[in-house]
Amino acid sequence: MKKIILSALVGVMYAGSAVAAPNNVGCGWGSQIFEGKKGMFNEIMAITTNHTSGSQSFGITTGTAGCAKDGVIQQYAAADAFITANMDKVAYDMSVGKGEALDTLATAMGIKEADKSRFFAVSKANFDMIYPSDSVSAAEVMDNLGVVLATDEKLSKYAA
């Protein structure tokens with residue numbers, strides 16, 4: 001299961017350079033073909049189409065295919081997408097300071113293996129700040145996590 005999640009994250013991260021929230025797959029022909037469809041399968045198909053056709057690069061250059069020439073790059077697009085799809089799992093793992101979802105999130109954020117145990121401990125210690133309510137959004141979780149990381153001496157280099 002972890003390999004499937006990591007494979008999906010790699011695909012999202014690869015295409016993530018042009019991702020603008022809330023669209024997890026960026027722009028291009030794939031995004032237009034699969035527009036309005038939900039689920040990981042459709043997102044992966046849209047990303048694959050965007051990448052293999054070259055339409056994302058062309059669209060960014062020309063401002064076509066749903067792309068903007070002056071788009072903003074989202075630093076942790078893969079992590080944000082992962083949290084969106086796995087809010088409850090990430091929340092649980094963060095509350096106990098370990099688990100597959102928390103490890104996958106750390107990987108998506110580029111946290112080095114040597115820093116993961118610190119990331120797990122800091123996430124657990126600051127869980128109530130990161131997840132302040134049951135109705136918190138994935139974007140808010142990422143923002144809150146960024147604030148927590150920024151205040152930690154060893155993890156501040158990973159702050160968004």
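Here are some notes:
- Residue among Asp80, Asp143 that alone is more than 22 Å from Phe41 (Cα to Cα), in a helix (DSSP H, G or I) and of a type in the set (Asp, Glu): Asp143
- Number of the condition not met by Ser117 [criteria: (1) in a helix (DSSP H, G or I); (2) at pLDDT below 95; (3) not aliphatic (A, V, I, L, M)]: (2)
- Checklist (1) of a type outside the set (Ser, Thr, Tyr); (2) outside the structural domain of Ile33 (by TED's automatic domain parsing); (3) at pLDDT below 95 applied to Ile44, failing item: (2)
- Subset of the stretch 86-104 [in contact with a helix residue (DSSP H, G or I) (Cβ under 6 Å, 6 or more places away or on another chain), without any contact (Cβ under 8 Å) to a residue 60 or more places away in the chain and assigned to a helix (DSSP H, G or I)]: Lys89, Val90, Asp93, Met94, Ser95, Ala101, Leu102
- Only one of the numbered conditions (1) of a type in the set (Gly, Ala, Ser); (2) modelled with pLDDT of 65 or more; (3) surrounded by 14 or more Cβ atoms within 10 Å (Cβ to Cβ) is violated by Gly39, and that is (3).
- Residue in the stretch 106-120 that is farthest from Lys157 (Cα to Cα), counting only those that are surrounded by 14 or more Cβ atoms within 10 Å (Cβ to Cβ) and among the small types (Gly, Ala, Ser): Ala108
The values are calculated or read from the model by the stated rules, or taken from the named source; none is laboratory data. Just so we're clear, the structure is a prediction, and the values are computed from it rather than from any experiment. Using ideal geometry, Cβ is built from the backbone for each residue, glycine included, and neighbour counts are taken over all protein chains shown.
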